[in-house]
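I have placed the structure first, in the form of structure tokens, so that the comments after it can refer back to it.
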Amino acid sequence: MRKLLERCQPRHDIYTVFGHCTEAMAIAIANSVDLRERARREARYLDIIGRYGADVVESFPRVMAELALALEAGMGDVLGALFHDLELHNKAKGQFFTPYSLSRAMAAMLIGNPATLRESIETRGHLTAMEPACGSGSMVIALTDVLRSQGINYQRHLHVTAIDIDPRAVHMAYAQLSLLHVPARLIVGNTLSGEFREQWLTPAHILGGWTARLASASQDKTPNEMIPPVLAAKTAYSIGETEPAPDCNKPAPLPRQLSLF
């Protein structure tokens with residue numbers, strides 16, 4: 001994967017190519033199942049590939065194929081490791097992704113007694129997990145890895161809500177979780193401020209009917225229900241248009257971040 005991406009140098013900046021490659025992979029997967037966002041994302045996909053020659057564009061599906069093979073060989077944060085291997089974190093304002101070995105150790109400690117998990121599955125039918133700063137999905141992948149080692153089918157009994165402020169990170173996590181068939185709702189937004197801009201539903205979420213499953217869950221709210229629906233990105237204001245002025249008579253909204261934990 002590294003060799004495929006490095007071939008674009010020096011004609012293109014590898015940080016930009018990496019971001020476009022992961023976004024193109026995410027769009028290709030999403031557009032196979034999420035028809036509501038298909039037109040907008042297809043336009044974005046065509047915009048991305050229109051910036052490169054055939055040699056660079058042809059490397060994108062090859063990178064995706066290598067990613068699928070790597071995840072088939074063993075679960076791990078492949079794209080997060082590649083991000084650091086390419087030394088792109090130095091250009092991403094000091095962004096670092098958790099090493100997978102550490103993520104798995106933390107997941108094993110957090111899961112605790114497998115018997116308690118099975119009891120929860122028998123009671124509610126599934127488990128839910130919230131990742132407020134998912135990065136490339138290392139912690140979520142580690143969680144599914146540990147659940148599988150405990151004999152729990154995460155593809156049927158786990159739903160994940162994952163958020164990150166960086167769209168590149170969400171695209172990376174979405175591609176990996178989709179290939180691992182993890183039912184998940186990934187959101188581009190700020191967990192602390194409660195500002196959410198865009199959502200990505202994995203094929204496992206859509207094909208598994210998880211929107212209905214979560215809605216019919218027990219009285220206890222799931223992490224997915226605590227986050228309001230994320231609408232498609234609005235178009236920019238036209239020249240001469242302005243945002244409506246805030247109503248000073250209305251009280252300031254209460255902070256929403258505490259509702260996520």
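The local environment of residue 74, defined by Cβ-Cβ distances under 14 Å, has a net charge of -2 under the rule Lys, Arg +1 and Asp, Glu -1. Is region 1-94 best put as rounded, prolate or oblate by its Cα gyration tensor, with a ≥ b ≥ c the root eigenvalues, rounded for a/c under 1.5, and otherwise prolate when a/b is larger than b/c, oblate when not? Oblate, because a/c is 1.5 or more while a/b does not exceed b/c. Potential lengthening of the chain between residue 66 and residue 155 amounts to 29.8 nm, from the contour at 0.36 nm per residue minus the alpha-carbon distance.
Given axes a ≥ b ≥ c from the Cα gyration tensor, I'd like to know whether region 50-177 is rounded (a/c under 1.5), prolate (a/b larger than b/c) or oblate. Don't skip to the end; give the middle numbers.
Details: a/c = 2.27, a/b = 1.87, b/c = 1.21.
Prolate, since a/c reaches 1.5 and a/b exceeds b/c.
We did not get these values from a lab; they are worked out from the coordinates using the rules stated. Bear in mind that the values here come from a model prediction, so they are computed numbers and not experimental data. We place every Cβ from the backbone using ideal geometry, glycine too, and count neighbours over all the protein chains shown.
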